[in-house]
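The values are calculated or read from the model by the stated rules, or taken from the named source; none is laboratory data. On a predicted model such as this, the values are computed, not experimentally measured, just so you know. When we count neighbours, we look across all protein chains shown, and the Cβ atoms used for this are built from the backbone with ideal geometry, even at glycine. The area values use the complete protein model at the heavy-atom level, side chains included, leaving out ligands, DNA and RNA. Shrake-Rupley method; radii C 1.70, N 1.55, O 1.52, S 1.80 Å.
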Amino acid sequence: MTTSVQRILIVGGGFSGMSAAIEFRKLGIDVDLVELDPGWRNYGAGISLNGSTLRAFGTLGVLDAYLAHGAATDGVEVRLPHGPVVANLPTPRIAGPDVPGAGGIMRPVLARILADATRAAGVDVRLGCTFTSIALQPNGVEVHFTDGTQRRYDLVIGADGLNSAVRRTVFPEAPEPVYVGQAVWRAVLPKPPAITTVTMWPGPTAKPGVNPVSATEMYLFITEPRPTNTRIDAAEFVPRVRALLADFPDPDLQAIRSQIGPESQIVFRPIERLLVPRPWFHGRVVLIGDTVHATTPHLAAGACIGIEDALVLAEEVGRSGDVASALEAWQERRWERCRMVVENSARLGEIEVTGGDKAEHAQIMRESMIALAQPI
Ligand SMILES: Cc1cc2nc3c(=O)[nH]c(=O)nc-3n(C[C@H](O)[C@H](O)[C@H](O)COP(=O)(O)OP(=O)(O)OC[C@H]3O[C@@H](n4cnc5c(N)ncnc54)[C@H](O)[C@@H]3O)c2cc1C
């Protein structure tokens, strides 16, 4: 290792921030991580992961834990609303010949796996804490914290998500997230035997799907066009989700529909997107993950590109004696891949909302999957 970096601060303990913490500790660098949430919780139902995310887990060293607690499956089954299977999309085994090409896991379970790895790596984690000021200095950053402490760092990584305070503080000109006119519903349900892999029922505008998250459970997701971003009362969640599935007579999906109840942990989330133009760093402050590229979920690759940001950043910082060159090299390696994910995902969403060309949808899916399989 040739880097002069000895102490790093990571703001935000989501998937991207925890991955960065683990990778920088492998270089022997001191890592502080501050996370606003005192409970370090990760909300939501399941998360779908493609083969490139499983490959990243292998690099991080958490693939075995993932395979023990999540689900790994091959292929995506596409069905007509009344049931016939019209396509089986292959999911290449990117993480290795023995590791299926896709998967799903409950978000809190994945967060716990990464949090355990973060603590085991010797990261100094402070929960319920964040910065109050960030001052860029030549060759460093002076940071004051809400717990009254202050410290100087060689590098600060903003990994505090879509509504990043680091971005708003250090990059005040950066654009804000934009609502895309689509929302997603998610629920956790028992997995029936008929569901063995990711299964989707593209309808005229709504698109339901299910993905196993363990041997016994799966999560249901439904994307729904919603021109305006209006709040929905939680009391309406169960009837709304059931209503969205009413037009899909596939007996398997109707059986799933009949199981939806108050215990299904339903989450409703309007979808926003953000692609911050370069540069993604200023002095010794760099932004990773959703802070600069928050994608809609259509390629199931948001977590993937944030985790990959962390892997590549540690690699570049570890091999360069000069931080500015390392950040430039990192950005060069990350921009096109992340742009592709955000923009292709957004186009897929547009086609779904407008009931557009299904052939274009399939082609974008195929091209994106091929691009995601490339080495990072
Ligand atoms: C509805 C929906 C479905 C999705 N489905 C998928 C999917 O199936 N597959 C997939 O790969 N991706 C999916 N994504 C995208 C994925 O969830 C995100 O890309 C990923 O979680 C980003 O991780 P992150 O660590 O960059 O940010 P976040 O997960 O937002 O983490 C940020 C962390 O920073 C903390 N924080 C916030 N502010 C501060 C502060 N000021 N100081 C300190 N800490 C702070 C937060 O508490 C949080 O822990 C989906 C996204 C949405 C919205």
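Before moving on, here are some points about what is shown:
- Region 1-114, relative contact order in percent, only Cα pairs under 8 angstrom and at least six apart counted: 28
- Environment charge of G140, counting only residues whose C-beta is closer than 13 Å and scoring Lys/Arg +1, Asp/Glu -1: +2
- Residue-normalised accessible area of region 251-376, given per residue in Å² at a 1.4 Å probe: 40
- Dipole of the chain, positive direction: furthest Cα of F237, L67, S48, with charges on the beta-carbon: F237
- Overall, region 168-275 carries a charge dipole of about 40 debye about its Cα centre when +1 sits on the Cβ of Lys and Arg and -1 on the Cβ of Asp and Glu, all other atoms neutral.
- Among the trypsin sites (Lys or Arg not before Pro) within region 173-249, those in coil by DSSP and having at most 16 neighbouring Cβ atoms inside 10 Å are R231.
- Two-site label geometry, A135 and A174: point separation in nm, points 7 Å out along Cα→Cβ: 2.3
- Normalised contact order of the chain, rounded percent, pairs of Cα under 8 Å and 6 or more residues apart: 22
- Percent carbon-and-sulfur accessible area, the chain, ignoring ligands, DNA and RNA, probe 1.4 Å: 54
- Segments 57-70, 7-20 sorted - mean Cβ within 10 Å per residue, highest first: 7-20, 57-70
- For region 52-171, accessible area per residue (1.4 Å probe, heavy atoms of protein chains only), Å²: 43
- Packing rank of 26-33, 223-230, where each peptide gets the mean count of other beta carbons within 10 Å, highest leading: 26-33, 223-230
- Cα gyration tensor category, rounded, prolate or oblate, for region 148-232 with a/c compared to 1.5: oblate
- Mean separation of Cα contacts under 8 Å, 6 or more apart, over the residue count of region 34-97: relative contact order %: 33
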